[in-house]
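Please read the structure below before turning to the comments.
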Amino acid sequence: MKTNSQIMLSPKLYLGDIDGDSLNELIEVDGRQIHIFKCEYDHKPLLTHVFPSPVKRLIIGDFVVNGREKGKDQIFAILEDGSIRGYAISDDLTEMWWWFTQPNFIHNNEHYIVGDFDGDGADEIMVYNPSNGSIKLFEKEVNGILKEMTGYSLGNLSSHDLKRKLLITGNFGQTRDRDDLLVIDKSRGQVKRFDTATDSNGVKTFWSAFTSKTNLFSKDDDVIVANLYGSPYDELLIRKYNTGTYKMFALEYNNGNLRTIDQVDIGQLPVQAQKGTIIASKVRDKNFRYERGGIRRDDILFFNDKNREFIRTDARFDKNASKRTYWWAYTSNLICEPVPSVQKKPWAIILCRFKGMPGNTAIEKFFREIYTPGSGGLVEYWHDVSLGSIDVSGTKVFGWVELEFERKDAALKRDKLIDAAIKACQNVGIDPINGFHKQLAVFTHDFSQPNAPAGANWRTPGWGQFWLDGSADGQGRVSAPPHGHNGSFLAHEMGHGMNFKHDLKADLTTPYGDRNCIMSAMAIKGFTHPKWNKTFGPSMSFPQLDIKNLFYKRRIYTADKYWSTNGLSFNMAPQNDRRINASLGAIIPTSSSSGWDYYLEYIRPNGWNKGLSKPILVIRRVVGNTAAFLGEIELPVTLHAKKSWREPSGNVLFTIQKIRSDERMIKVILTKPKFRTVGIASTITKIATKKPIVNRLTVKPIIKITK
């Protein structure tokens, strides 16, 4: 979809046909990331892309005449580092491929409108300055670079006052393969139509078609272009701000009044006064557009940025009334999920070499890369596992700095090693303390003596006394010899620096008890990162985040203490799939008087949890200021199958059911057995043959759907 920065649902929400299926996807901006997902009731994810710098704005359109990218919208990201970076989707539709990087030429006070103004089959970018009314056109060169377009003239646009106007593209004139332009004066309620044309000298230009009368709308109304009827021409849709009602006009002069469209009914377009905004986009499958011209018609999307209410309304044909209309498709408030205030926690990474010894280029390369924003390393890890709450992007890597002692004297406790690293920085004028959350000292050797046996560690007879102590100290600072040069170790120890504690086993005392959470590293389900061939993952658990108030509170299913009377059931989705209608965590009291709760989390083997072999429901509880692992249930392979496990300490039977083939969501069923059975809880697998237990608790739905 061609971006118009003056008409957007939200500064964080864009639309574009990124995968080339002729339907527009939603693109959500999330700091340095963009999340691309289908504009459908379950918001199926397409992909996530990470940029090296936070995203300011996106420019989306099809900017090529031919080639593998043609037919799939490309994304030009304006980043806070002052660059524009161009990307197109990969052939297998799984990632965005970098195309070009250049300095940003669009100022913060300027708008941009994407359209094919010269008819060559590739979109251009119209840059508009509302303060002075200036317009410039930019096009993509063969090498991908954007430069100012030549061989065109503003024509009749030059003789009109363009200051503080709304500019909208569409197809209104006689040229089918070129975008025309509307100049909207919202202060006067007036429309000026300019058609793209080619003058007698072959110059591409704009010709004035007409100027309407004034007071067609008020300054606060939504004014958008949409194909409402299905003809080759676009129309004007106006939503009255004060009432939320609609008017439809053909962009025809009609003595200056514009012709009212009465062949299209507003149907179920959302009528909401003084809130939200609308945009036109093709999102409904064209195979269901049976009416004449149906594949040309635009659907209408509504978004209220204040409460995140999103409503999709589809262009439809009412057979009973023999009239084109609009029908409600679904409502959601799962887009642009608000996060707690971002906590900036930059670290000072200190590369240390022993006195008289060199540094290590491979070690330096690894640490500089994993702390570089956009690399897919620990900056992105902490953003993702904290649900956007923890930002370590200000981390700096210093070194190599020379320690005051030789390697043979390095078998010290971790706090002494870290103190030495800080002092080595200060000796050369580097301040690794002020402006940093914590310090992480990197060393080149595991032992203070050479020739250690392969695979040796601190337990190896005769070598423990030479071992460099690596881990977090009592202040949350980290010592990292080579045995800690991997993503899992570093994330775990950084977690201590952020006051996360070790997970516990079911006995509530033994640490490192949860293989599904980073705070049990290294006894975890990690995976080998393909970029660095080192262990990373898993993510942070739901209870660990909730203890720190970092979880989405409204996405937690909370049962009352009397739930066991009738049992309960509810749906769950993983933390990293938050746009589907399900709870992302659940808190269930064991009984009305027990004083402790179950914490439930559904995890799939993707993202930072690639080390899992199967999707699982994890059952935990909170003990003090940390989490304890009680058990887990693997998701059955067969659709509609169930698996059960009785947790003995609270005597609750947990059952999970596979309700979707894509495994994005599961059903969780809880019952309280009438008596305790002696022995170990058993696992039962069966195919559901009875009607599942109905959740009798009152839970406000997050999303409504209709077929």
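Read-outs throughout are calculated quantities, based only on the coordinates presented, and are distinct from any laboratory measurement. The shown structure was predicted, so the numbers you read here are calculated from the model rather than taken from an experiment. Cβ: placed from backbone, ideal geometry, glycine included. Neighbour counts: every protein chain shown.
Summarise the long-distance tail of P(r) for the stretch 105-161 by giving the % of C-alpha pairs beyond 16 Å. Of all Cα-Cα distances in the stretch 105-161, 45 percent exceed 16 Å.
Amide H contacts of Lys438: Ala348, each under 5 Å away and 5 or more positions distant or on a separate chain (H built 1.01 Å from N in the peptide plane; Pro and chain starts excluded). Calculated on the Cα set of the chain, radius of gyration then Dmax: 29.8, 98 Å. Ellipticity at 222 nm from helices only: DSSP H runs of n ≥ 4 in the chain, each -39500 (n - 2.57), divided by the residue count, give -2000 deg cm²/dmol. Which value in Å does the Kirkwood hydrodynamic radius of the stretch 543-651 take, with 1/r averaged over all unlike C-alpha pairs and then inverted? About 14.9 Å, per the Kirkwood formula over Cα pairs. Between Glu309 and Asn304, the built amide H atoms are under 5 Å apart, and every one of these is 5 or more places off in sequence or on another chain.
Compute the angle between helix 361-370 and the longest alpha-carbon principal axis of the chain, please, reported from 0 to 90 degrees and rounded to the nearest 10. In the chain, helix 361-370 runs at an angle near 50 degrees to the longest axis.
If you take the Cα centroid of the stretch 402-451 and the Cα centroid of the stretch 86-133, the two points sit 47 Å apart. Ranking Leu181, Pro636, Pro482 by how far each Cα lies toward the positive end of the dipole of the chain (charges on Cβ) leaves Pro636 at the top.
Suppose the chain between Asp81 and Val342 were pulled fully straight at 0.36 nm per residue; how much longer would it get relative to their current alpha carbon spacing?
Details: separation 261, 0.36 × 261 = 93.96 nm, distance 1.95 nm.
Gain on extension, Asp81 to Val342, equals 92.0 nm.
Converting phi to 3J(HN,Hα) with the Karplus coefficients 6.51, -1.76 and 1.60 and the offset θ = phi - 60°, the stretch 321-336 yields 9, 6, 8, 5, 7, 10, 10, 5, 9, 6, 10, 8, 10, 9, 9, 6 Hz in sequence order, with x at every glycine or proline.
The distance separating the Cα centre of the stretch 465-543 from that of the stretch 353-384 comes to 17 Å. The alpha carbon radius of gyration of the stretch 1-150, expressed as a multiple of 2.2 N^0.38 Å, is 0.98. Between amide H atoms placed 1.01 Å from N, distances below 5 Å from Ser10 occur with no residue 5 or more places distant or on a separate chain. Distance from the C-alpha centroid of the stretch 228-271 to that of the stretch 583-604: 51 Å, rounded to the whole angstrom.
Largest first and in whole Å, what are the equivalent-ellipsoid semi-axes of the stretch 475-607 based on the Cα gyration tensor, each being the root of 5 times an eigenvalue? If you can, show how the numbers build up before the last one.
On the way: eigenvalues 186, 64, 30 Å².
For the stretch 475-607, the ellipsoid semi-axes come out as 31, 18, 12 Å.
Here the spin labels are modelled as points 7 Å beyond Cα on the Cα-Cβ line, and at Ile135 and Asn625 they lie 6.1 nm apart.
Which order do Ser218, Ser281 fall in if you start with the one that has the fewest other Cβ atoms within 10 Å? Don't jump to the answer; show the numbers that get you there.
Working: Ser218 14, Ser281 22.
Lowest count first: Ser218, Ser281.
What does the net charge come to around Ser131 if you take all other residues with beta carbon closer than 15 Å to its beta carbon, with K and R at +1 and D and E at -1? Provide the component values of the computation, followed by the final result.
Details: positive: Lys136, Lys163, Arg164, Lys165; negative: Glu110, Asp161.
Net charge in that neighbourhood comes out at +2.
What length, rounded to one decimal in nm, is gained on full extension from Lys396 through to Ile145, with 0.36 nm per residue of separation minus their alpha-carbon distance? Show your work: numbers first, answer last.
Details: separation 251, 0.36 × 251 = 90.36 nm, distance 3.12 nm.
The Lys396-Ile145 span can extend by a further 87.2 nm.
Counting beta carbons within 10 Å around each of Leu490, Leu162 and listing the fewest first gives the order Leu162, Leu490. The angle separating the long axis of helix 487-497 from the principal Cα axis of greatest extent in the chain is about 80 degrees. Here the stretch 279-417 is described by how far its Cα atoms reach on the three principal axes: 89, 29, 19 Å, from widest to narrowest. Of the cross-linked pairs Lys423/Lys531; Lys12/Lys136; Lys501/Lys674; Lys72/Lys525; Lys505/Lys548, which ones have a Cα-Cα span greater than 28 Å in the structure shown? Over 28 Å Cα-Cα: Lys423/Lys531; Lys501/Lys674; Lys72/Lys525. Net charge dipole, the chain: roughly 2660 debye, given to the nearest 20, about the Cα centre with Cβ charges of +1 for Lys and Arg and -1 for Asp and Glu. Compared with the dominant principal axis of the Cα atoms in the chain, helix 414-427 is inclined by about 60°.
Roughly what percent of Cα-Cα pairs across the stretch 494-554 reach past 19 Å? Walk me through the numbers before you get to the answer.
Numbers: 639 of 1830 pairs.
Of the Cα pairs, 35 percent sit more than 19 Å apart.
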